[in-house]
2 protein chains.
Amino acid sequence: MKQNGPIETGCMHCNVRLNSVFNVLDEEQTKELCAHKSCAVYKKGQYVFTENGLPAGLFCINSGKIKLTTTGYDGKEQILRLVKSGDIVGYRALLSNERYHCSAVTLEDASICIIDKKYFFDAIESSPKLMFEVVKKMSNDLKAADAHIVSLSQKNVRERMAEALLFLKATYGFESDNQTINVSLSREEIADYVGTSTESCIRLLSEFNNDQLISLKGKKISIVNLQKLIQTANIED
Amino acid sequence: MKQNGPIETGCMHCNVRLNSVFNVLDEEQTKELCAHKSCAVYKKGQYVFTENGLPAGLFCINSGKIKLTTTGYDGKEQILRLVKSGDIVGYRALLSNERYHCSAVTLEDASICIIDKKYFFDAIESSPKLMFEVVKKMSNDLKAADAHIVSLSQKNVRERMAEALLFLKATYGFESDNQTINVSLSREEIADYVGTSTESCIRLLSEFNNDQLISLKGKKISIVNLQKLIQTANIED
DNA sequence: GGCGTTATATGATATAAATCATATAATTTA
DNA sequence: TAAATTATATGATTTATATCATATAACGCC
């Protein structure tokens with residue numbers, strides 16, 4: 001349980017343009033931005049920020065994967081969102097001048113930079129384009145959260161589990177074999193996203209494995225029969 | 001099932017400052033805003049906008065109550081949010097230039113104005129203050145959606161039902177008797193928010209009634225024992 | 001490299017909540 | 001105002017899923 005802080009690194013290797021919302025900045029604005037951010041390397045399992053903390057700036061994921069979690073009742077963890085490289089995190093609390101309502105934890109070693117709060121506000125006030133990019137990001141998160149609500153409300157655990165696997169694939173894509181989902185989550189973490197018990201999660205993955213929908217190798221999950229998995233998830237369209 | 005459109009009215013009786021986000025505008029900006037909006041009266045049960053539709057502008061609730069719903073699986077309705085007078089609706093799709101992902105339906109007769117899309121974008125680009133107000137609104141909605149996710153994921157139906165009653169009270173307040181929740185929802189609508197069956201919803205309300213947590217009179221629900229209801233909801237702090 | 005700890009797996013059991021069924025009350029509308 | 005429809009109520013039954021229990025596998029550590 002050693003929890004050392006991130007290791008500060010220079011920004012020379014960090015291409016901030018990786019981060020989608022900053023695509024809209026021109027050469028000069030990007031240079032300016034780089035002068036107001038600092039990069040750091042995080043080890044797997046480290047906290048980027050924690051529930052109830054005050055935002056010091058905006059975090060950009062240069063590489064690595066992040067989970068946004070909140071502590072529910074009886075300390076049970078709930079995974080709210082999963083974040084990939086190129087994304088920003090912690091923008092909500094920052095923009096609305098609030099404390100974080102969830103924590104950000106690295107799922108693997110990650111390179112993350114933090115953009116100075118004051119500078120970020122200057123940047124979005126002077127660049128409506130950038131502001132709109134961030135707003136679009138929040139809009140997407142809200143739409144996804146609403147979809148999650150409908151799913152939790154109306155689908156059974158089996159359907160949600162299939163849906164979660166499709167979501168993981170949509171978020172992180174496949175590995176080079178074109179069928180292994182490119183993220184390693186524990187069964188408990190998957191359960192914490194799906195909203196079920198760890199046992200039920202394990203059991204359903206085993207079933208899907210037996211039914212040849214997926215194949216399992218440690219934490220790695222491969223989608224063997226996408227069509228059947230979509231059917232199991234009971235997705236419209 | 002007759003679904004007539006709203007009745008257009010003048011804006012002379014509509015105080016746009018009612019709408020919280022517009023508080024930040026000065027006298028002149030408000031005047032300008034009023035020149036670019038039009039008010040209308042909606043009857044109970046009418047659609048303000050519908051899922052998949054394209055936003056024509058921003059809606060402001062001058063009076064009345066609104067539910068934001070989305071159609072889930074097998075056509076089952078999910079209530080995502082409840083909106084009261086003074087609030088804006090439809091801002092998400094508008095800001096991110098998307099179609100609506102949910103519908104807005106009046107829960108009672110309502111007076112609602114629509115602010116022209118083009119003008120609204122001009123307004124937020126020229127007034128960062130206004131933009132931040134809207135962003136804060138979205139931030140709150142996202143935080144609330146996240147809380148809803150945790151609740152659906154981790155609480156049982158009884159706890160969620162108690163929580164829902166507290167949420168209704170927090171949103172719409174009490175009537176003059178200081179204990180009757182100031183909104184009329186059908187049992188089915190409450191179920192569609194809580195994420196349960198109508199029968200279970202009815203049953204639990206009956207139980208709460210028997211246990212003297214609430215009292216029922218038609219669609220009107222009064223909170224008789226707030227402390228016990230909070231306990232039943234299993235809320236932290 | 002063996003030992004303790006944690007993660008995964010699977011069976012057995014309990015139970016919350018959905019579903020089905022039927023009755024009554026409250027609205028709507030003819 | 002009566003008939004029809006819809007909403008509320010409550011009982012009986014089924015079922016999905018949590019919980020408890022135990023075993024094995026994988027992993028971190030001295």
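Report Rg/Rh for chain B, rounded to two decimals, where Rg is the Cα radius of gyration and Rh the Kirkwood radius. Display every interim value, and only then the final one.
Values: Rg = 18.7 Å, Rh = 19.0 Å.
Radius of gyration relative to Kirkwood radius: 0.99.
Report, as an integer, the average count of C-beta atoms from other chains found within 10 Å of each Cβ along A:124-130.
If you average over the peptide's residues, the count of other-chain Cβ atoms is 2.
The reciprocal of the average 1/r between distinct C-alpha atoms defines the Kirkwood hydrodynamic radius, which for the stretch B:155-233 equals 12.1 Å.
Averaged per residue, chain B has 46 square angstrom of accessible surface, using a 1.4 angstrom probe with ligands and nucleic acids left out.
Simple spin-label estimate for B:GLN179 and B:ALA144 gives 2.7 nm between the two label positions (7 Å along the Cα-to-Cβ direction from each Cα). Per-atom-type breakdown for the stretch B:1-144 gives carbon and sulfur 50% of the accessible area (1.4 Å probe, protein chains only). Interface of B with A. Using a 1.4 Å probe and counting protein heavy atoms only, the two chains hide about 4000 Å² of accessible surface, both sides summed. What's log10 of I(q)/I(0) for the stretch A:128-175 at q = 0.30, 0.32 Å⁻¹, Debye sum over Cα points only, no solvent? Summing over Cα pairs of the stretch A:128-175 leads to -1.03, -1.07.
Round to a whole number: what % of the accessible area of the stretch B:149-196 belongs to carbon and sulfur, probe 1.4 Å?
Roughly 41 percent of what the probe reaches on the stretch B:149-196 is carbon or sulfur.
Model label points for B:GLN212 and B:SER63, set 7 angstrom from Cα along the Cα-to-Cβ axis, are 3.9 nm apart. Summary for B:ASP26: label point 7 Å along Cα→Cβ; distances to the equivalent points in the other copies, ascending, 2.9 nm. From the Cα gyration tensor of the stretch B:9-85, with a ≥ b ≥ c the square roots of its eigenvalues, which class applies: rounded if a/c is under 1.5, or else prolate if a/b is larger than b/c, or else oblate? Taking the square roots of the gyration eigenvalues as a ≥ b ≥ c, the stretch B:9-85 is prolate. Over 29 Å apart at the Cα level, from the set A:LYS65/B:LYS143; A:LYS76/B:LYS65; B:LYS31/B:LYS220, are A:LYS76/B:LYS65; B:LYS31/B:LYS220. Helical content of chain A, expressed as a calculated mean residue ellipticity at 222 nm, amounts to -12500 deg cm²/dmol (DSSP H runs of 4 or more residues, -39,500 (n - 2.57) each, divided by residue number, nearest 500). Against chain B, whose longest principal axis comes from its Cα atoms, helix B:198-210 is set at around 60 degrees.
What whole-number volume per residue, in cubic angstrom, does the convex hull of the C-alpha atoms of the stretch B:66-161 give? Provide the component values of the computation, followed by the final result.
On the way: hull volume 12.5 nm³, N = 96.
Spread over its residues, the Cα hull of the stretch B:66-161 gives 130 Å³ apiece.
Averaged over the residues of peptide B:81-94, the number of Cβ atoms from other protein chains lying within 10 Å of each residue's Cβ is 1. If you run the Gaussian network model on chain B, springs between alpha carbon atoms under 10 Å, then out of B:ILE181, B:ILE149, B:ILE114 the most flexible one is B:ILE149.
Peptide B:134-140 has a mean shielding of 5, counted as Cβ atoms of other protein chains within 10 Å of each residue's Cβ. Which pairs in the list B:LYS155/B:LYS219; A:LYS118/A:LYS219; B:LYS129/B:LYS228; A:LYS84/A:LYS118 are over 30 Å apart, alpha-carbon to alpha-carbon? Table pairs above 30 Å Cα-Cα are A:LYS118/A:LYS219; B:LYS129/B:LYS228.
Translational diffusion of the protein assembly as shown was estimated from the Stokes-Einstein equation, with Rh taken as the Kirkwood radius over Cα pairs; at 4 °C and 1.567 mPa s the coefficient is 54 µm²/s. With 0.36 nm allotted per residue and the present C-alpha distance subtracted, the A:LYS117-A:THR198 stretch has 25.3 nm of extension available. Note on the stretch A:67-116 and the stretch B:30-70: Cα centroid distance 33 Å, given to the nearest whole angstrom. Axis of helix B:157-172 versus longest Cα principal axis of chain B: the two differ by about 40°, to the nearest ten degrees.
The values are calculated or read from the model by the stated rules, or taken from the named source; none is laboratory data. Please read these numbers as outputs of a predicted model, since none were measured by experiment. Note that we place each Cβ from the backbone using ideal geometry, even for glycine, and neighbour counts take in every protein chain shown. With ligands, DNA and RNA removed, areas are computed over all heavy atoms of the protein, side chains included. Shrake-Rupley method; radii C 1.70, N 1.55, O 1.52, S 1.80 Å.
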